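The structure under discussion appears below in the form of structure tokens.
The values are calculated or read from the model by the stated rules, or taken from the named source; none is laboratory data. Just so we're clear, the structure is a prediction, and the values are computed from it rather than from any experiment. All Cβ positions, glycine included, derive from the backbone under ideal geometry; neighbour counts span all protein chains shown. Accessible surface is based on the protein model in full, side chains and every heavy atom, while ligands, DNA and RNA are left aside. Shrake-Rupley method; radii C 1.70, N 1.55, O 1.52, S 1.80 Å.
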Amino acid sequence: MSRSSKTAALATLVAVAGLSAGCNRYMLFNQAGYEQAAFNDEADILFVIDNSGSMSEETAALASNFGSFLEVLTSEAGAAQVTETLTDAVNNYITYTQDRGRFIDYRLAITTATAGDEGNDGIILPGESGRFVGEDRAVVSKDDADVEGSFLQLLLCDTGYWDNPPIGGTGVLESCDSVPPPGEDITREFLDCYCGADGWDNPAGTGQEEHLEAALMAMCRASDDPPDVCYGVENVFADTEEYTNDGFLRDGATAIVVIVTDEGDLSRRIPGAETDPAPYLTALGQFDRTVKIVTIGPHFEPETGNVECGGTGGSGTPPLYTIQRLYEASNVSGGFYSFINEPDVGGDCTNTDFSVPLRELGALLVNLDTAFQLQSIPDVSTIQVWIDGEEVPAADLVSGEAGTLDAVYDSGWSYDPSQNSVSFWGKWIPDFNADVEIFYRPLDGQPRDLPF
């Protein structure tokens, strides 16, 4: 469709909307223009794990459900493309449009919510101040022979704090010849077999969790040229430059920070009881890449502000403002917030099903290159979309519930209110160097001139 045709179509929308003839008929439309320079399938995923004394059950639950995340990113046919013939190329394209998770090239690493040294005379140990756990095996790549096993080694053997794990009971191992997958009950016998005798005896993390600061420090340590925000009196990075998180961040890759905690955030750059995470979102924005934050955190009601579940280990209910920091950081960055626990019918707090947020994380990665966030909340009925000058039709819902990560559409575009984004489906997924244009009328009436 030509620009004149676009103009006519949008003018019709304005007329239908009943705008006054005395105003600029394009003033209430926004344009979000994107150039998809190339398909980038790289995602660098940093887990920030709260390893304080109250988190052993949650760490075990994360370990036993981690396969749910990998299932979204793999298939029975494996994760690698095979392109030797024209038939291979056609089959790859069909698979790409239907099973995009197979093509996500991801890296995984873990640090903890301890953003300083815990009384070690200035020595920063693995897991502290953004240092990755695991030393020389700290980064797990998609092409590793055993991705799940490598990640679980980092989580169970190098990260988790196991305060007197039970001896005996469910999961006791009579032999280490065949170690089963981790379950909800992590016993001393299991840890000795899985990690080596006492290879799991990690110190407890801080009770003053600084998830956002730890994430920032991890990014600083992973950068070849850290931005100025990495240096200063607020942190210990400047004195420990020799500790770097090599082999993690890649040029152009999307960085995903996954925070797992039963507490709120007390990061030092946010003053007092402020809830706005802007200091950290601004700092992370200096790394010249998209950074999304996902939080699996305490249960609370965003509408009422009621905190129903805090630390499950007797640490008490965290202040609302500390939870709101993580909630806002996750939503503003284009990630999501999921509950790590919830009240049961008796009023006690129990762990939620970890497979659900882990599957959502996998779906978020799959959608990285197909979803385009809008600058304002749109009047959905006014959205019009073009790719390389051709109008894209609205897609029809095939399965799932509209506006959720489980929703599946046929071909065209759909609007996701939870992410305030337009997603593309089927043959309309933008190709290499595609010019994507999205026009809409914002609900807040923010004036914006169209570029024609």
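Each label point was placed 7 Å from the Cα along the Cα-to-Cβ direction; for K427 and S411 their separation is 0.3 nm. Residues E342, E263, ordered by accessible area of protein heavy atoms at a 1.4 angstrom probe radius and largest first, appear as E342, E263. Taking Lys and Arg as +1 and Asp and Glu as -1, the other residues whose beta-carbon sits under 14 Å from that of R107 total -4.
Backbone amide hydrogens, once placed in the peptide plane, bring Y106 within less than 5 Å of A43, K142, excluding anything fewer than 5 places away on its chain.
Among residues other than L281 with Cβ under 15 Å from its Cβ, the summed charge is -2 (Lys and Arg +1, Asp and Glu -1). At full extension, E274 and D224 could sit 14.8 nm farther apart than now, given 0.36 nm per residue minus the alpha carbon distance. Ordering 283-296, 218-231 by mean Cβ neighbour count within 10 Å, with the highest value first, yields 283-296, 218-231.
Here the Karplus relation 6.51 cos²θ - 1.76 cosθ + 1.60, evaluated at θ = phi - 60°, turns the backbone of the stretch 48-65 into coupling constants of 9, 9, 6, 10, 6, x, 8, 10, 5, 5, 5, 5, 5, 5, 4, 5, 6, 10 Hz, with x for every Gly and Pro.
Stretching D348 away from E135 to a fully extended chain increases their span by 72.8 nm, per 0.36 nm per residue minus the current alpha-carbon distance. Other residues with beta-carbon under 14 Å from the beta-carbon of E148 carry, at +1 per Lys or Arg and -1 per Asp or Glu, a net charge of -3. Between A197 and Y231, the modelled labels are 4.8 nm apart [label points 7 Å from Cα along Cα→Cβ]. Heavy-atom accessible area for W428, with the other protein chains in place and a 1.4 Å probe, reaches approximately 30 Å². With a/c under 1.5 counting as rounded, go ahead and sort the stretch 318-367 into rounded, prolate or oblate using the C-alpha gyration tensor (a ≥ b ≥ c being the square roots of the eigenvalues; past the cut-off, prolate if a/b is larger than b/c, else oblate). Oblate, since a/c reaches 1.5 and b/c is not below a/b.
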